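**Q** Pasting a structure here, questions to come.
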Amino acid sequence: MIRILRADMARLRKSTSFRLSLLGMLVLSILFMIMQATGMDYTVPLSRVIFLPMSMYGVAMAAFISVFVGTDFSDGFIRNKLLTADHRCNLVVSQIIVSCMGCLIIYIAITVFTAVVGRFFFEDNVNQAVFFRYFILGIGMSLVTGCIFSVITMLCGSKTTAILWCMGLAFGMLFLCLHTNEILVQTAYKNGAPNPRYVSGFRRELCGILHDLNPCGQAAQLSGWEVWHPVRELLFNCILIIGLPAVCCMLFRRKDIY
Amino acid sequence: MEYVLQTDNLTKKYRNFQALNGLSMHVPKGAIYGFVGKNGAGKTTLIRLICGLQEPTSGEFSLYGIKNNSRDIVKSRRRMGAVVETPAIYLDMTAEENLKQQYLILGLPSYDGIPELLKLVGLENTGKKKAKHFSLGMKQRLGIAVSLAGDPDFLVLDEPVNGLDPQGIVEIRELILKLNHERQITVLISSHILDELSRLATHYGIIDHGRMVRELSAQELDAASRKCVCIEVSDTAVLARVLDSMNLEYRIHSETTADIFAKINVTQLTIALAKENCEVLSIQENDESLESFFISLVGGTKQ
């Protein structure tokens with residue numbers, strides 16, 4: 001597996017899709033900062049800006065991974081890898097690790113960039129300890145994003161199909177996150193009267209779980225500087241990071257490659 | 001005879017389509033094995049199975065004597081290189097970068113062999129040109145170079161000359177012959193360009209509807225498809241006597257038919273036979289090429 005991993009890492013370094021995604025996220029980060037700095041009447045605190053670009057992180061990573069991993073299938077190089085691999089699982093794990101590495105590099109670069117540049121333009125209200133905790137949660141979010149899209153691409157076995165599925169899912173996750181966020185931010189009382197839009201009981205719990213399971217939901221919580229259930233999020237991320245590659249290994253083992 | 005690849009009753013079924021139907025084949029060591037069949041006959045399916053891209057539905061195959069269900073099949077596969085359908089190369093990389101990727105996958109300690117490989121396939125001067133800007137022939141040669149990394153002794157080429165111009169076809173042919181003669185690499189080539197295959201192959205396997213119709217060596221094919229004159233006479237015993245006196249090679253089929261393997265003077269032969277009271281009923285030239293031999297085996301019309 002180490003051999004394939006080294007080859008994939010070498011490819012990641014030169015990958016155009018990786019560079020473009022990183023560049024796209026940088027541009028997005030700058031745009032968000034300009035919008036926040038010029039569009040508000042009040043001084044925006046830095047905490048509201050640091051993770052703001054992460055709201056589009058899922059879409060950018062869907063594009064990056066489906067193109068990066070999908071190229072192995074469209075250009076046919078996967079056949080060379082299969083011919084030399086000891087086990088198909090090695091191939092799956094290697095692709096997932098490299099995709100996650102790519103996601104992680106982009107996440108760290110964008111977050112650090114926004115935090116450093118943002119200090120010059122926004123009110124620095126960031127508590128270092130909180131930032132560190134949220135940063136760690138963001139790493140989990142980024143790894144889960146990498147896992148989800150690389151697993152989908154591997155199982156699609158075609159670049160075009162993978163792009164369609166990954167982008168579709170990324171936007172689906174984004175819309176689900178907007179919906180669940182809208183429900184979860186409602187308070188029980190509004191202006192002293194019970195809020196009719198407040199949802200309680202099982203439905204609220206379900207929305208919370210969906211919000212925590214969804215990497216876009218996690219990103220929304222980070223960008224709002226308010227993570228409601230950090231332990232639950234961590235637990236979900238661990239399950240997904242272990243479970244998704246295991247399922248992918250099982251299914252990919254029997255997959256016909258054309 | 002030592003075989004590099006043997007398949008036994010190999011079957012592959014996709015949902016509603018039986019691609020391979022109990023195929024048995026034998027690729028001798030050192031051979032250039034031409035795998036002949038119509039489109040959809042099952043050639044590429046077989047190659048996918050032996051490359052580990054797909055699993056057989058039933059039956060088995062062995063590579064260097066190691067069965068496909070053995071754990072050691074992985075080691076056998078490392079001794080082979082393959083170009084299945086399209087060349088497996090990254091289009092946004094240069095020829096050298098593609099080879100470096102393959103070297104990394106194989107875990108080779110250094111890139112020292114890359115210039116030699118590029119020279120072997122005639123791509124040493126491509127520099128920073130990306131593979132997506134290569135001609136079809138160049139891509140095909142790069143695909144072969146990638147499959148040769150790791151020094152395999154069995155090369156599988158699926159339709160290597162498909163879509164190439166005449167110059168490209170000649171280049172690939174010369175490369176295959178060079179690999180077989182100089183490096184003693186056993187080559188399995190699938191193709192339906194029979195004329196091209198007949199210039200290369202030492203052995204043939206003819207496949208139709210997922211079944212092996214016939215396996216034969218080039219010598220056997222030559223004998224089976226030898227240029228001859230089919231003659232029908234009233235008595236082949238007399239014909240044999242006359243042909244012996246003329247010192248001509250022949251083969252008697254029945255009391256009235258025979259094949260003559262030589263250029264004959266028809267008038268001279270007819271007069272000689274007439275003197276012995278033997279009538280010539282018909283004379284027909286039989287020029288059976290690999291193409292017509294193939295058609296006679298699998299049916300269809302010669303185009």
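**Q** Using only Cα atoms, tell me the angle between helix A:128-156 and the longest principal axis of chain A; keep it within 0 to 90° and round to the nearest 10.
**A** 40 degrees
**Q** With both bridge residues required to lie in chain B, what share of the DSSP beta bridges run antiparallel, to the nearest 5%?
**A** Numbers: 36 of 55 bridges.
Taking every DSSP beta bridge within chain B, about 65 percent pair in antiparallel fashion.
**Q** Taking 60 Å as R0, compute the FRET efficiency from the Cβ-Cβ separation of B:Glu182 and B:Asp235 and round it to 0.05.
**A** FRET efficiency, B:Glu182 to B:Asp235: 0.65.
**Q** Would you kindly enumerate the cysteines in the protein assembly as shown that have no other Cys beta-carbon under 4.7 Å from their beta-carbon?
**A** When partners are defined as cysteine Cβ atoms under 4.7 Å apart, the protein assembly as shown leaves A:Cys100, A:Cys103, A:Cys147, A:Cys156, A:Cys166, A:Cys207, A:Cys238, A:Cys248, B:Cys51, B:Cys228, B:Cys230, B:Cys278 without one.
**Q** Can you figure out the FRET efficiency of B:Glu2 with A:Val116, using R₀ = 56 Å and their beta-carbon distance, to the nearest 0.05?
**A** Values: r = 67 Å, r/R0 = 1.19.
Once the sixth-power term is evaluated, E becomes 0.25.
**Q** Can I ask one more? For region A:144-251, which trypsin sites (Lys or Arg not before Pro) pass both filters: DSSP loop (anything but H, G, I, E, B) and at most 13 other C-beta atoms within 10 Å?
**A** A:Arg197
**Q** From the phi angles alone, apply the Karplus equation (6.51, -1.76, 1.60; θ = phi - 60°) to region A:167-181 and give each ³J(HN,Hα) in whole Hz, x where the residue is Gly or Pro.
**A** 5, x, 5, 4, 5, x, 5, 5, 5, 4, 5, 4, 5, 5, 4
**Q** Right, next: In degrees from 0 to 90, rounded to the nearest 10, what is the angle of the helix A:230-253 Cα long axis to the longest principal axis of chain A?
**A** The helix A:230-253 is inclined about 20 degrees to chain A.
**Q** Scan chain B and report its longest stretch carrying no chymotrypsin sites (Phe, Trp or Tyr not before Pro) that are both in a DSSP loop and have at most 15 other Cβ atoms within 10 Å.
**A** By the stated rule (loop sites, at most 15 other Cβ atoms within 10 Å), B:112-260.
**Q** Here's something else I'd like to know. Of the lysine pairs in region B:1-87, how many meet both conditions: Cα atoms under 22 Å apart, and a spacing of 8 or more in sequence or different chains?
**A** 11
**Q** Right, next: If you line up the long axis of helix A:57-74 against the longest principal axis of chain A, both from Cα atoms, how many degrees apart are they, to the nearest 10?
**A** 10 degrees
**Q** Given R₀ = 25 Å, what would the calculated FRET efficiency be for B:Gln268 paired with B:Ser292, taking r from the Cβ atoms and rounding to 0.05?
**A** 0.30
**Q** Each residue of region B:58-65 in order: what ³J(HN,Hα) in whole Hz does its phi give by Karplus 6.51 cos²θ - 1.76 cosθ + 1.60, θ = phi - 60°, with x for Gly and Pro?
**A** 8, x, 8, 9, 10, 10, 6, x
**Q** Can you tell me how much longer the chain between A:Arg232 and A:Ala37 gets when fully stretched, taken as 0.36 nm per residue apart minus their C-alpha distance, in nm with one decimal? Don't skip to the end; give the middle numbers.
**A** Values: separation 195, 0.36 × 195 = 70.20 nm, distance 3.35 nm.
Additional length available on full extension: 66.8 nm.
**Q** Hey, another quick one. Calculate for chain A the 222 nm mean residue ellipticity that helices alone would give, adding -39,500 (n - 2.57) per DSSP H run of length 4 or more and normalising by residue count, nearest 500 deg cm²/dmol. Walk me through the numbers before you get to the answer.
**A** Values: 10 runs with 198 residues, N = 258.
-26500 deg cm²/dmol, from helical runs alone.
**Q** Under 20 Å between alpha carbons, and skipping anything fewer than 8 positions from A:Lys14 in its own chain: which lysines qualify?
**A** A:Lys81, A:Lys159, B:Lys100, B:Lys128, B:Lys129, B:Lys130, B:Lys132
Read the figures in this text as sums done on the coordinates, not as results from a lab. Keep in mind the model is a prediction, meaning the values are calculated, not measured. As a convention, Cβ positions derive from the backbone with ideal geometry for all residues, glycine included, and neighbour counts pool all protein chains shown.
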